[in-house]
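Worksheet: one structure, shown below.
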Amino acid sequence: MYRKTRIAITGAGIGGLTAALALMQRGFQVDVYEQASQFGEVGAGIQLSANGTRCLFALGLQQDVLRCASQPSAKEIRHWSSGDTWRLFDLGAESVERYGAPFLMMHRADLHAVLVQHIRAIRPEALHLGARLAGLTQHAEGVELEFEDGSRRHAHVLIGADGVHSRVRQQLHGRDDPQYTGCMAWRGVIAAAELPAHLRRPVGTNWVGPGAHVITYPLRNGELMNFVGIVERAAWQKESWTEQGTVDECRADFAGWHADVLTLVERLDRPFKWALMGRTPLTRWGQGCATLLGDACHPTLPFLAQGAMMAIEDGVVLARCLEACPDDPATALQRYERLRIERTTAIVLKSAENTRRFHNPALASAEGAQRYIETEWAPDKVRARYDWLFSYDALSVDAGAQIAAEPA
Ligand SMILES: Cc1cc2nc3c(=O)[nH]c(=O)nc-3n(C[C@H](O)[C@H](O)[C@H](O)COP(=O)(O)OP(=O)(O)OC[C@H]3O[C@@H](n4cnc5c(N)ncnc54)[C@H](O)[C@@H]3O)c2cc1C
């Protein structure tokens, strides 16, 4: 089946590529425009919870994803200075049994490459590099895209998957610059062979402490260990939102932390610093035949590890809505937005709430931490915080539902 609706997507991040693949598999003509001159993702890991892996597997990526992912057995909480350890939840077979899909950890470049490969297998010329969107105009037949090199393209539908600094968002909703959230992230990977055996176990670990936390997890079947260190910092001095840092600077940010954390820092290959950016959630995403997806509409602090999962869910739900209503894309886009906005807004707000939980002053001493962790991470509370995230099924939400008229 080949549909006549032409769809343009700006941004070839995980969100844009997932949407492209889901749409192409449903017979739509899709072109993805990416500003970068080559494809890639940052050299860091990504946690894929069951709500995301369920979508990726439904897109036919199961074999390729499993080939290069790590499947951890559990997640643990550790105290920043004593190193005391608490079980957060079991993963592995437990995730499959409970949610019908696994919890995986993957190098971003690997996931990105799998998506690119599957898109190219359908239509090699669908991906356009060095194509930076500058502006857009909507008219009766769709959307006119204008690129920085002066070229123009026409599409019936435009999906802005162009990240936190989205040009499409700016064009649809006016300029509102993202704000620095007060937290920055250290990111890097470590060759697992350089770590002692107890730091190479197949578990995800959240080290929690006052004003900072550290996440580690295995990648590439345990060959690499991912490191994310989040630190509260009053201001971000530089113009760029990401830059290379040094092991010395990272070590200084974790002075006094447990020896295991410092061992990880010492072995970081190339530590990068990221300013974590946020925006107040939008109440509308789209307009006419143009809409937004992923970080372009709901950038989030990564404290529930759901930013890319939301982008993946968005892509699948959007493709299903367009499939259910191919002759009226504007209505399909409204359905998509109504199906997605409540969940994504809740995730953004609850991720921000986790700053207080992960960085709580009660964690300063080992005794205070014991009480705080036993209360905050009690099994019923953990289930309440994560079940609704992992059990969501983008493949079964009602993509063909009638939408009620807008309130006047
Ligand atoms: C430290 C950290 C850890 C994280 N960990 C996790 C995790 O474990 N699990 C999880 O689910 N999420 C995680 N996230 C969040 C996740 O990385 C993002 O939410 C996700 O990558 C967003 O994907 P996206 O495709 O929407 O945007 P992006 O990945 O930002 O992609 C946008 C693309 O658009 C392109 N672009 C921008 N402007 C233009 C233009 N004008 N024209 C053409 N192209 C353009 C960009 O070059 C880019 O390729 C984490 C984030 C951080 C910072």
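We did not get these values from a lab; they are worked out from the coordinates using the rules stated. Note that the structure is a prediction, hence the values are computed from the model and not measured. Reconstructed Cβ throughout: ideal geometry from the backbone, glycine too, with neighbour counts over all protein chains shown.
To the nearest 20 debye, what is the magnitude of the charge dipole of the range 132-282 about its Cα centre, counting +1 on the Cβ of each Lys and Arg and -1 on the Cβ of each Asp and Glu?
Values: 17 positive and 19 negative charges, 53 e Å.
Around 260 debye, computed over the range 132-282.
Between Ala193 and Arg132, take the C-beta separation as r, use R0 = 45 Å, and let me know the FRET efficiency to the nearest 0.05.
0.65
Loop only by DSSP, 12 or fewer other Cβ within 10 Å of the Cβ. Give me the GluC sites (Glu not before Pro) in the range 118-153 that pass, ordered by residue number. Don't skip to the answer; put the middle values down first.
On the way: sites: Glu125, Glu141, Glu144, Glu146, Glu148; in loops: Glu141, Glu148.
Those that pass, being in a loop and sparsely packed, are Glu141.
Determine the shape class of the range 106-204: with a ≥ b ≥ c the square roots of the Cα gyration tensor eigenvalues, call it rounded for a/c under 1.5, and otherwise prolate if a/b is greater than b/c, oblate otherwise.
Details: a/c = 3.45, a/b = 1.76, b/c = 1.96.
Here the range 106-204 falls in the oblate category.
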Based on the mean of other beta carbon atoms within 10 Å per residue, what is the order of 380-386, 55-61, 32-38, 333-339, most packed first? 333-339, 55-61, 32-38, 380-386
Mind checking which aspartates and glutamates have their C-alpha under 16 Å from Lys381, skipping anything on the same chain fewer than 8 residues away? Glu76, Asp90, Glu353
Roughly how many nanometres apart are two label points built 7 Å out from the Cα toward the Cβ at Gln63 and Arg152? 4.5
I'd like to compare 349-355, 306-312: which one has the highest average count of other Cβ atoms within 10 Å, and what's the full order after that? 306-312, 349-355
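Placing +1 at every Lys and Arg Cβ and -1 at every Asp and Glu Cβ, with all other atoms neutral, what dipole size does the chain have around its Cα centre, in debye to the nearest 20?
Working: 43 positive and 47 negative charges, 56 e Å.
Taking the Cα centre of the chain as origin, the dipole is about 260 debye.
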To the nearest 10 degrees, how steep is helix 379-390 against the longest Cα principal axis of the chain, on a 0 to 90 scale? 30
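For a quick check of your reading of the filter: which trypsin sites (Lys or Arg not before Pro) in the range 222-281 sit in a DSSP loop and have no more than 12 other Cβ atoms within 10 Å? The partial results should precede the final answer.
Working: sites: Arg233, Lys238, Arg251, Arg267, Lys273, Arg279; in loops: Arg233, Lys238, Arg267, Arg279.
Filter output for the range 222-281: Lys238.
Quick one: if the Förster radius is 25 Å, what FRET efficiency do Asp269 and Gln38 give, using the C-beta to C-beta distance and rounding to 0.05? Please list the in-between numbers first.
Details: r = 21 Å, r/R0 = 0.82.
E between Asp269 and Gln38, to the nearest 0.05, is 0.75.
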Acute angle (nearest 10 degrees) that the helix 307-324 long axis makes with the longest principal axis of the chain, alpha-carbon atoms: 20
Would you calculate the separation in nanometres between label points at Ser391 and Trp241, each defined as 7 Å from the Cα along the Cα-to-beta-carbon direction? 3.4
Mean residue ellipticity at 222 nm from the helices of the chain, using -39,500 (n - 2.57) per DSSP H segment of n ≥ 4 over the full residue count, to the nearest 500 deg cm²/dmol? -11000 deg cm²/dmol
Checked against the positive end of the charge dipole of the chain (+1 on Cβ of Lys and Arg, -1 on Cβ of Asp and Glu, about the Cα centre), the farthest of Gln47, Cys321, Ala364 is Cys321
Between the range 267-331 and the range 334-408, the Cα center-to-center distance that results, in Å: 16
Separation in nanometres of the label points that stand 7 Å from Cα toward Cβ, at Gln402 and Ser73: 5.4
Mind checking Rg over Rh on the chain, alpha carbons, Kirkwood formula for Rh? 0.97
What is the Cα centroid distance between the range 79-127 and the range 208-265, reported in whole angstrom? 21
Relative to the longest principal axis of the C-alpha atoms of the chain, give the angle of the C-alpha long axis of helix 14-25, reported between 0 and 90° and rounded to the nearest 10°. 40
